[in-house]
Amino acid sequence: FKAPSRDHPALYRDLLRTNRVHWIAEEPPAELVREKMMECYFRFRHQMALVPCVLTLNQDGSVWVTLVKPARAMTPGQFAVFYKGDECLGSGKIVRMGPSVYTMQQGKNRGENPKKEEVDKIEPAT
């Protein structure tokens, strides 16, 4: 896929999944085990600014990463590296991407004008 511009919404995503995360100090962090979710920061390129995110732990040790705001040009095979303050918590290889901002916008645009058949399927509130 080649986007029409460097800032095209198709390049931005706010959800990704890693493979099993390699944790450095705690395997995995106690807060993530206890709460099943944890706020932290992440980056997928060495020099990039840290991005606030929420990790959701999966049973196989992988995590879903939900970004506070969409990031540009993430691709499977890159590593997501997680931080809390100055501490590097660990990393996992990106294996799946959520839908792009462009795809989400297309879905919202379609949702504004539902087809007649779809309207008929909606149950009236009782």
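Of the residues making up segment 65-81, just one is over 12 Å from R96 (Cα atoms), of a type in the set (G, A, S) and either assigned to a strand (DSSP E or B) or open to solvent by 60 Å² or more (accessible area, probe 1.4 Å) (or both), namely A71.
If you go through segment 1-52 and keep only what is outside any loop (DSSP other than H, G, I, E, B), of a type in the set (G, A, S) and either buried (at least 17 other Cβ atoms within 10 Å of the Cβ) or touching a residue at least 24 places away in the same chain (Cβ under 8 Å) (or both), you end up with just A10.
The values are calculated or read from the model by the stated rules, or taken from the named source; none is laboratory data. Because the structure is predicted, anything quoted here is derived from the model rather than measured. In this analysis, Cβ positions are derived from the backbone assuming ideal geometry, glycine residues included, and neighbour counts consider all displayed protein chains. Quick note on the areas: whole protein, heavy atoms, side chains included, nothing else; ligands and nucleic acids left out. Shrake-Rupley method; radii C 1.70, N 1.55, O 1.52, S 1.80 Å.
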